[in-house]
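First the structure, in the form of C-alpha cells, and then the observations on it.
Just so it is clear, none of the values below were taken in a lab; they were calculated from the coordinates. Keep in mind that this is a model prediction, so the values were computed, not measured. Positions of Cβ are backbone-derived with ideal geometry, glycine not excepted, and every protein chain shown enters the neighbour counts.
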Amino acid sequence: MMHYDIVVVGGGPAGMAAAVAAYDAGCTRVVILDREPQPGGILMQCIHNGFGLHKLGRELTGPEYADIYAQEVARRAIPVLTETTVTNITPDRVVTAQSRHGIVKLQAGAVILAMGCRERSRGALRICGTRPAGIYSAGTAQKLINCMGYHVGKRVVILGSGDIGLIMARRMTLEGAKVEAVCEVMPYSGGLTRNLVQCLEDFDIPLYLNTTVAEVHGQKRLEGVTIAQVDGQRRPIPETRRFIPCDTLLLSVGLIPENELTRAAGVPMDPITGGALVDEHCQTQIPGIFACGNVLQVHDLVDYVSEEAERAGAGAAAFVRGSALLNTSINTQPGNGVRYVLPQTITDTTRDVSLFFRVSHPMGKVRCTVRSGADLLTALPRPRVAPGEMERITLSPDLLRRAGDTITIELEELP
Amino acid sequence: MTRELTCIICPKGCRLCVEGGDNRLTVRGNACPRGEQYAIAECTNPLRTVTAVLRVSNRCDTMVCVKTESPVPKAAMFAVMERLHQTTVTAPVSIGDIVMDDLFGSRIVVTKGAI
Ligand SMILES: Cc1cc2nc3c(=O)[nH]c(=O)nc-3n(C[C@H](O)[C@H](O)[C@H](O)COP(=O)(O)OP(=O)(O)OC[C@H]3O[C@@H](n4cnc5c(N)ncnc54)[C@H](O)[C@@H]3O)c2cc1C
Ligand code: SF4
C-alpha cells in the first residue's frame with residue numbers, strides 16, 4: 001500500500017486549491033485522484049466568463065480559472081492521478097480507487113473530500129408523461145455542447161432559473177436555438193441578477209415564476225411540454241395549463257453533493273446542506289477527514305470554493321503534522337430566516353472565524369444578528385438578501401470567547 | 001426616452017430608471033455612482049463578452065474554447081457567433097493563443113486548448 005501525507009479525492013477547483021494549500025503548509029507528499037481524463041472538474045464545461053472576479057480580480061472563463069490552479073499544482077509537482085475513481089474510504093483513511101492499472105489502495109495521513117456535486121434528475125421531480133428523447137439535465141447539455149460539439153435541440157424550454165439554467169438559456173440561443181421559456185417553480189429566481197440580465201433579458205427570453213412543467217409529450221422525440229402555474233403547495237393549477245411546442249427540455253433543478261463515499265465512511269452529515277458536519281478547518285467529525293467545495297455545500301461562486309478549499313488544505317496539513325486543532329467546541333445554528341450555517345462547530349477561539357450562511361427566502365432590508373443565548377455578539381445590516389447569495393460574518397477571538405456553547409444566526413426584517 | 005433596467009454591478013441589484021435624450025441622460029434609483037455609469041453605458045454603448053467553442057480540424061472529439069478578449073457591442077453578439085461557427089483551428093493550440101486579430105474590435109483568444 002502506498003503512503004501519502006494527504007490524499008485529495010476529486011481534482012476540481014476545490015481539490016486543486018486544497019492540495020496546493022496543504023503543500024504550501026509543509027505536506028509535500030500530496031496526491032490528487034480524479035475520475036475524469038483531466039483535472040478541472042465542472043469548470044471545464046463552463047466556457048462562459050464570470051469566474052475569479054472576487055478572488056483573482058479578473059473575469060475568467062471556467063477552463064481559464066481551472067488552468068491557473070492546474071499550473072500551481074504542476075509547479076509543485078503534485079501528482080494528479082486521472083481516470084482514477086475512488087470507490088471506498090475508511091475511517092482510518094485508507095482510500096481505494098479503480099484506475100487503468102487496476103485497484104490501488106492508498107494510506108493517507110489525512111483525506112480531503114472534494115468530489116463536487118451532481119445534478120438532480122427528472123426521476124427526482126416526478127414529471128408526468130412519456131419518455132421521449134430530448135430531455136437533459138442542463139449540465140449534461142452543457143457538456144454535450146461545450147466539450148463534445150453536439151447540437152442538442154432547436155426549440156427549448158428550461159425548467160429551473162438557477163445560474164446553470166440561465167447560462168444554458170444564453171448558450172443555446174447563441175448556438176441558434178430558440179429558447180421559448182424558462183420556468184421557475186419558486187416565486188423568485190435563484191440566479192444572480194447579472195445572469196438574469198445578460199442571459200434572459202438580453203435575448204428577450206421570458207421567465208415564468210411560480211410555474212412548473214406539469215407534463216411532457218412525444219413518443220420518440222419530445223414534441224412539447226405542458227406548463228402550469230403552481231399553488232402555495234407547489235401543485236400545478238389545472239386551469240393554468242398551457243402547451244408549449246419544443247423538442248428539448250433542460251432541467252436545472254438543483255445540485256446534490258456527491259457524498260456516497262462520505263456516508264459509507266460513516267461521516268456524520270448535515271441534512272440541510274447535504275454535506276458533512278465540519279469545523280472551521282473543514283474537518284468532519286471523523287478526525288483526519290476534511291471536506292471542501294461543492295461536496296460540502298453547494299457554492300454559486302468558484303472563488304469561495306477555492307477559499308474554502310485553502311482552509312481545508314491548511315487544516316489537513318496541520319492534522320498531519322500533529323498540531324492539535326484546538327478543541328473548544330461552539331455549535332452554530334440557523335435561526336429565523338436562515339437555512340443553514342457553516343461550519344457547524346468552531347474549535348479554535350484564538351483566531352478570526354468566518355461563518356457562512358444562506359437565507360431561506362429573499363428579503364429587503366435586514367439585520368443579521370449573531371447571538372449566543374441572549375447575548376448579541378454582533379449584527380450586520382444588509383440592504384437585500386437572497387438564497388442564491390451566500391452571506392458571511394466574521395467573528396473575532398474577543399467575540400468567540402464571549403460566546404457560550406451555541407451561536408445562532410438570525411434575520412430581523414428592517415422597515 | 002425612458003428605460004428601466006437592473007444594475008448588475010453589485011448584488012444589491014438596484015432598479016434603475018434612465019430618462020433623457022441623445023446627449024443628456026439622467027439616472028434614478030441607483031444607490032451609488034457605479035449604477036449611474038452602468039446605466040449610461042447600457043443605454044449608449046452596451047458591451048458583452050462572447051464565449052464559444054470551435055471545432056478542431058485534426059481532432060474529432062475535442063472542442064477548443066474561445067472568448068472575445070475585450071467585450072464587443074451587444075448588438076454584434078450573433079454576428080460574432082456566426083463568424084466563429086465558420087472558423088476551425090488546427091491542434092495543437094494552447095490557452096492564450098490568438099485565433100483572430102479583429103472581430104468587432106476584439107481579438108479572439110483561446111481559453112481551453114487541444115493537444
Ligand atoms: C453548470 C455550472 C455553472 C457554474 N457557473 C459558475 C459561474 O458562472 N461562476 C462561478 O463562480 N461559479 C460557477 N459555478 C460554480 C462552480 O463552478 C462550482 O462551485 C465549482 O466548480 C465546484 O468545485 P468543486 O471542486 O467542489 O467540484 P467539481 O468542479 O464538481 O469537481 C469535482 C471533481 O471530483 C471528481 N470526482 C467526483 N467523485 C469522484 C470519485 N469518486 N473519484 C474520483 N474523482 C471524483 C470529479 O470528476 C470532478 O473533477 C457553476 C457550476 C456549475 C455546475
Ligand atoms: S447602483 Fe450601486 S448599489 Fe445599486 S446595484 Fe448598482 S453598484 Fe450596487
Take the alpha carbon atoms of the range B:2-44, find their radius of gyration, then divide it by 2.2 N^0.38 Å using N residues; give the quotient. 1.01
If you average the C-alpha positions of the range A:1-78 and of the range B:63-88 separately, how far apart do those two centres end up, in angstrom? 28 Å
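Between B:Met81 and A:Ala264, what is the FRET efficiency for a Förster distance of 41 Å, r being their Cβ-Cβ separation, to the nearest 0.05? Provide the component values of the computation, followed by the final result.
Working: r = 45 Å, r/R0 = 1.11.
Result of the calculation: an efficiency of 0.35.
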Overall dimensions of chain A as given by Cα atoms, namely Rg and Dmax in Å: 22.2, 65
Helix-only CD estimate at 222 nm, as mean residue ellipticity for chain B, using -39500 (n - 2.57) per DSSP H run (n ≥ 4): -5500 deg cm²/dmol
So, counting K/R as plus one and D/E as minus one, what does the shell of residues with Cβ under 13 Å around A:Leu277 add up to? -2
Within chain A, longest stretch clear of exposed trypsin sites (Lys or Arg not before Pro) (DSSP loop, no more than 10 other Cβ within 10 Å): A:235-415
If N is the residue count of the range B:48-112, its Cα Rg over 2.2 N^0.38 Å rounds to 1.04
Note the angle between two axes, namely the Cα long axis of helix A:62-75 and the longest principal axis of the Cα atoms of chain A, as a number of degrees from 0 to 90, rounded to the nearest 10. 20 degrees
Arrange the following residues from fewest to most other Cβ atoms within 10 Å of their Cβ: A:Val73, A:Val213. A:Val73, A:Val213
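Which whole-number percent is the relative contact order of chain B (Cα, under 8 Å, 6+ apart)?
On the way: 211 pairs, mean separation 21.9, N = 115.
Normalised by residue count, the contact order of chain B is 19 percent.
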Which whole-Hz ³J(HN,Hα) couplings does the range A:144-153 yield from phi under the Karplus relation 6.51 cos²θ - 1.76 cosθ + 1.60, θ = phi - 60°, glycine and proline marked x? 4, 6, 7, 9, 10, x, 8, 9, 9, x
Using every pair of alpha-carbon atoms in chain B, split the distances into 10 Å bins beginning at 0 and state the percent of pairs per bin, rounded to integers. 13, 33, 23, 19, 10, 1
For A:Ala181, other-chain or 5+-apart residues with amide H closer than 5 Å (H placed, Pro excluded) are A:Ile158
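Once you keep just the Cα pairs under 8 angstrom separated by 6 or more residues, what percentage relative contact order results for the range A:333-413? Display every interim value, and only then the final one.
On the way: 173 pairs, mean separation 33.1, N = 81.
About 41 percent, as a whole number.
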Using a Cα distance threshold of under 20 Å, what count of lysine pairs results for the protein assembly as shown when pairs must be 8 or more residues apart or interchain? 10
Okay, helix-only estimate at 222 nm for chain A: each DSSP H run of n ≥ 4 adds -39500 (n - 2.57), divide by all residues, round to 500 deg cm²/dmol; what do you get? -5500 deg cm²/dmol
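Defining a contact as two alpha carbons under 8 Å apart and six or more residues distant in sequence, what relative contact order in percent does chain A show?
Numbers: 1039 pairs, mean separation 65.6, N = 415.
The normalised contact order for chain A reaches 16 percent.
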Using amide H atoms built in the peptide plane, which far-off residues or other-chain residues are under 5 Å from B:Met100 H to H? B:Ile108
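Report, to two decimal places, the Cα Rg of the range A:270-379 normalised by 2.2 N^0.38 Å (N = number of residues). Before the final figure, lay out the partial values.
Numbers: Rg = 14.4 Å, N = 110, 2.2 N^0.38 = 13.1 Å.
It is 1.10.
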Looking at the protein assembly as shown only, what percent of DSSP beta bridges run antiparallel? Nearest 5 please. 65 percent
Can you tell me the dipole magnitude for the range A:260-390 around its Cα centre, using point charges on the Cβ only (Lys, Arg +1; Asp, Glu -1), in Debye to the nearest 20? 420 debye
Under 14 Å from the Cβ of A:Asp67, count the other residues' Cβ atoms, weight Lys and Arg +1, Asp and Glu -1, and hand me the total. +1
Calculate the length of the line joining the C-alpha centroid of the range A:79-137 to that of the range B:1-62, in whole Å. 39 Å
Under a Cβ-Cβ cut-off of 11 Å, what is the net charge of the residues other than B:Ala114 that fall near it, where Lys and Arg count +1 and Asp and Glu count -1? +1
Candidates A:Cys246, A:Cys147, A:Cys368: whichever shows maximal mean-square fluctuation once chain A is modelled as a Gaussian network with Cα springs under 10 Å: A:Cys147
Taking amide hydrogens as modeled 1.01 Å from N in the peptide plane, which residues meet the under 5 Å criterion relative to A:Ile407, leaving out close sequence neighbours? A:Asn331, A:Thr332, A:Gln333
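Using the crude model of +1 on Lys and Arg Cβ and -1 on Asp and Glu Cβ, and no other charge, please compute the dipole size for the range A:333-413 relative to its Cα centre, in debye to 20. List each step's numbers first, then the result.
On the way: 11 positive and 10 negative charges, 40 e Å.
In debye, rounded to 20, the range A:333-413 gives about 200.
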